[in-house]
Structures are given as structure tokens and as C-alpha cells.
1. Could you give the nm distance between label points at VAL25 and LEU49, where each point is 7 Å from its Cα heading toward the beta carbon?
2. If the only charges are +1 at each Lys and Arg Cβ and -1 at each Asp and Glu Cβ, what is the size of the charge dipole of the stretch 8-50 around the Cα centre, to the nearest 20 debye?
3. Which of rounded, prolate, oblate describes the stretch 8-50, given a ≥ b ≥ c as roots of the alpha-carbon gyration tensor eigenvalues and a/c under 1.5 marking rounded, otherwise prolate only if a/b is larger than b/c?
4. Kindly state, to the nearest 0.05, the FRET efficiency for GLU12 paired with ARG72, given R0 = 25 Å and r defined as their beta-carbon distance.
Amino acid sequence: MAKEGIHPNYREVLFLDLSNGFKFVTRSCVNTKETVKHDDGKEYPLFKLDTSSESHPFYTGTQKSVNDMGGRVDKFFKKFGKPGAGAKAEEAAK
């Protein structure tokens, strides 16, 4: 005897990456308010994403390391010193 109305609406949903227009269809329970017709001619619920694996810097290989960002880390260390350097410098001066 299965309970009615307790399971989420699990169906195919079209996800749209707003940063580059990349679209993919997968099954999901996400709530949507819009629908859209996909290239395959079917109409799917639409969920808009700010970023996906097609646009995120980590997955596209365009991620920058903090150490490579114009010497910002070096500028910080020059201004405030390296962590723990204050105690070592005082001991060395004695």
C-alpha cells in the first residue's frame, strides 16, 4: 500500500547555463516555473543556471591560482609579513 503525494516530481528537466548558452537534459526533482522546447522537439521544464561544468573556470582549465594573480600574495606578505615570521624574527634578533 503506497502513500500518495509524498514523492517529489522526478522528471526530465532542461538545464540552461546563462553564461554561455550550454543546455543539457537530465532527470531532476527541481521546481521550475518555465518550460522550453528543446532541439529534439520535446518540451521540458526549464531551470536556469549561473554556471555549469561548461563555464566554470575549474572545469574549463582557466582557473587562476592565487599565487599567479599579479603578485597580490607577495604584496600582502611585504605589507603585513608572513604568518609566524614575527616570532621567529624576534628570536633571531636575540
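1. 1.7 nm
2. Value, rounded to 20: 140 debye.
3. Since a/c reaches 1.5 but b/c is at least a/b, the shape of the stretch 8-50 is classed as oblate.
4. Computed FRET efficiency for GLU12 and ARG72: 0.05.
Laboratory data are not the source of any read-out in this text; all were calculated from the coordinates shown. Note that the structure is predicted; figures quoted are calculated from it, not measured. Here the Cβ is made from the backbone with ideal geometry for all residues, glycine too, and neighbour counts use every protein chain on show.
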